[in-house]
Amino acid sequence: MNISWIIFILVLIIYFQIFLYNKWGLSKISYHRSFDKSYVFAKQEVVMVDQVSNKKLLPLPWVRLEAKINRNLQLHQMEDEVSEDSEFHRTLFTLLPYQKVTRKHYLTCMKRGVYPLTSVALTVGDLFGFQEIFHLYQTNATITVYPELLSFEEIPLPAHRFLGDQTVKRWIMEDPFLTVGTRDYQSTDPAHRINWKASARTNQMQVNVHDYTADHDIIILFNADQSDDIWLPIEDEALFEQALSYAATITHYLLENGERVGFGTNAVLEDDKSEKNPPFVQIEADAGNGHFYHVLDRMANLTYQRSRNFHYLLDLYQEEKNRKQDFLIITKYVNERMEKEIDEIKKNGNTVEILTMGRLEEELA
């Protein structure tokens, strides 16, 4: 056989295998992307899982997965995942007939937010690399990143005083409707607390023991304004994120101590930012673990866009004259209009503490 026939057969083989991969390369391939967790806190790690199955006899000499990933999801890159553009993640592998490959990628979630990974491009090619074809797979992989929870020592001093006041208030106020048991009568006990059934059962005078409760709900308000001009953009995103970390940490501490906590802000949710007049975020005070994660979810969905100036939100709480609440306001500044609204809130029998961002950071430095 002369060299011409060898070249002819080789070219024939090349074109034949190109035809095979063009026709069946992407057939019977299944792909799925997911995270090992649906939510994490900022600075925590999450695992992104890619699963690719080749459900046919034709082997795939190389398969490339490529997807855009937000820069705030910091990838612990392997050698085959490195790309010139850090926003793109690429990985390369081989699929044998009827083989399933699972790839795990470790990411650190650097910043609060909701990060959907909506599509992944899967590319396959022939044995000699002359031809490649791709298909765009839609995924529903989404990771929600909550604000970073800080240690109690990292909370600024005015908030420490506020948290201490709440703890003291909780343990000095008994709720007469919450009876948790009985104890022996003492000479200082009022007669209306005597439990006559328990006294008869034990042949010793017994009085009711009541649980303790806080009188006021606690509302944490975050002012997203960084200037009086509502049309100016939020320039200091780090300060915005730090304020939310404070709010999340204080909410966690108070709920852990049995308080009822609400949250409000003039920052706009992602789902509302396209509206002409987006609403304020107002979450009613409640207790429990489920309520905590509801608040965190709203925080994670906040954008760097504002509804209206913060004093309009204060005005809504000022109108609730019959509700006794304690307020902690996290803000960069306090202007005259805000001071007026705060004074009105106090006149309604509420307490207000202010955690001023920026100024406190300078004091603590």
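What follows is calculated from the coordinates using simple rules that are stated; it is not laboratory data. Quick caveat, the model's predicted, so the values are computed rather than measured. In this analysis, Cβ positions are derived from the backbone assuming ideal geometry, glycine residues included, and neighbour counts consider all displayed protein chains.
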Practice task
Anything in the chain that counts as a DSSP H helix reaching 30 Å or more along its axis (C-alpha) with Kyte-Doolittle mean of at least -0.5? List them, would you?
Solution key: 3-24
Exercise for the section: Report the one residue of Gln282, Ile345, Val49 whose Cα lies farthest in the direction of the positive end of the charge dipole of the chain (charges on C-beta: Lys and Arg +1, Asp and Glu -1; origin at the Cα centre). Expected result: Val49
Problem - Expected-Rg normalisation [2.2 N^0.38 Å, Cα atoms] applied to the chain - result: 1.48
Problem - Cα centre as origin, Lys/Arg/Asp/Glu Cβ charges: the chain dipole, Debye - result: 1760
Exercise for the section: May I ask you to order 98-111, 301-314 by the average number of other C-beta atoms within 10 Å around their residues, highest value first? Expected result: 301-314, 98-111
Problem - Beta bridge orientation in the chain: antiparallel %, DSSP, nearest 5 - result: 75
Exercise for the section: Counting only C-alpha contacts under 8 Å and six or more residues apart, can you give the relative contact order of the stretch 27-146 as a whole percent? Expected result: 34
Completion exercise
Taking the dipole of the chain about the Cα centre (Lys, Arg +1; Asp, Glu -1; charges at Cβ), the one of Leu26, Leu244, Ile133 that reaches farthest to the positive side is Leu26
Completion exercise
Taking 326-333, 14-21 and ranking on average Cβ neighbours within 10 Å, highest first, one gets 326-333, 14-21
Handout entry: Residue-by-residue Karplus 3J(HN,Hα) for the stretch 131-141, coefficients 6.51, -1.76, 1.60, Hz, glycine and proline x
Key = 9, 9, 10, 9, 9, 9, 9, 8, 10, 10, 6
Handout entry: Qualifying GluC sites (Glu not before Pro) for the stretch 196-297 [loop in DSSP, other Cβ within 10 Å: at most 11]
Key = Glu235, Glu275
Completion exercise
Taking N as the number of residues in the stretch 238-365, the ratio of its alpha carbon radius of gyration to 2.2 N^0.38 Å works out to 1.05
Exercise for the section: Can you tell me the equivalent ellipsoid semi-axes for the stretch 42-146? Use √(5λ) from the Cα gyration tensor, largest first, whole Å. Expected result: 28, 14, 12
Practice task
Pairs to check: Lys37/Lys276; Lys23/Lys111; Lys56/Lys104; Lys104/Lys276; Lys111/Lys332. Give those whose C-alpha atoms are more than 32 Å from each other in this structure.
Solution key: Lys37/Lys276; Lys23/Lys111; Lys104/Lys276
Problem - Farthest positive-ward along the chain dipole, Cα basis, beta-carbon charges - from Ile354, Tyr304, Ser4 - result: Ser4
